[in-house]
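The values are calculated or read from the model by the stated rules, or taken from the named source; none is laboratory data. All values reported here derive from a predicted model rather than from experimental measurement. All Cβ positions, glycine included, derive from the backbone under ideal geometry; neighbour counts span all protein chains shown.
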Amino acid sequence: METSEDRFFRELGGACAEMRQAFARHVGMSSSRLQLLMRLWRNGETSHSDLRQALSLDGASVTRLIKEFEAEGMVGRRIDPADNRYTLASLTPAGERAATDLERSHQDYQVRLLDGISAHEREIVLSALERLRAAMAGIDPAGGPIVRPETGASK
């Protein structure tokens, strides 16, 4: 039998995953391509290793995506001069333009998604998510008590 907690986390996780996938479909790009392009746009030149870790992709997938973007003229690669075992990737001017357009499209998409949800409702959700994240930070990995962030008291 599903508890209210089960439903809460199922709905929260499902909504986040569905929003990411829906936006990727909206712009006609795979989620992995979209995430990699935007990661390079936000962080600048990044090693394949860091991209693999940040995006939870295997090395072959990152290399394949980078090579695809490189063939499209959106990404350039070079050997890391500090450590020639690593390859660095960065956006070209064409990649920068594409990422800027995607960011603008994402902003418009978010506005459309939030249409009909009041500012008050948004604040309630944000407040709940902030408390949820604080509770996660307060859980001792060894199974200790959850420390309530607002009081410092254990539960």
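Things worth noting here:
- In this entry, G95 is excluded by the filter for residues that are surrounded by fewer than 15 Cβ atoms within 10 Å (Cβ to Cβ), of a type outside the set (D, E) and touching a helix residue (DSSP H, G or I) at 6+ places or on another chain (Cβ under 9 Å).
- Boolean, V27 is of a type in the set (V, I, T), at pLDDT below 95 and either closer than 29 Å to R112 by Cα or buried (at least 16 other Cβ atoms within 10 Å of the Cβ) (or both): yes
- Of all residues in region 97-115, those being over 18 Å from the mean Cα position of the chain (by Cα) and of a type in the set (D, E, K, R) number 3.
- Of all residue pairs spaced 6 or more apart or on separate chains, those with beta-carbon atoms under 7 Å, a first member in region 27-56 that is more than 20 Å from A17 (Cβ to Cβ) and a second member that is hydrophobic (A, V, I, L, M, F, W, C) and part of a helix (DSSP H, G or I) are W41/A99; T46/L40; H48/V62; H48/I66; L51/L36; L51/V62; R52/V62.
- Filter pass, T100 being modelled with pLDDT of 95 or more, loosely packed, with under 13 Cβ neighbours inside 10 Å and farther than 25 Å from A15 by Cβ: yes
- Of residues in region 112-142 being part of a helix (DSSP H, G or I) and among the small types (G, A, S), the one nearest to F23 (Cα to Cα): A119
- Hey, E123 of a type outside the set (S, T, Y) and within 11 Å of W41 (Cα to Cα) or not: no
- Of all residues in region 77-105, those that are of a type in the set (S, T, N, Q) have Cβ atoms under 8 Å from Cβ atoms of residues that are part of a loop (DSSP other than H, G, I, E, B), 6 or more apart or on another chain, in T87/D80; S90/G44; S90/E45; T92/G73; T92/M74.
- Qualifying residue in region 38-45 (condition: within 14 Å of the chain's Cα centre (by Cα), at positive phi and surrounded by fewer than 16 Cβ atoms within 10 Å (Cβ to Cβ)): no
- Any hit, region 27-50, residues being of a type in the set (V, I, T) and in contact with a Lys or Arg (Cβ under 9 Å, 6 or more places away or on another chain): yes
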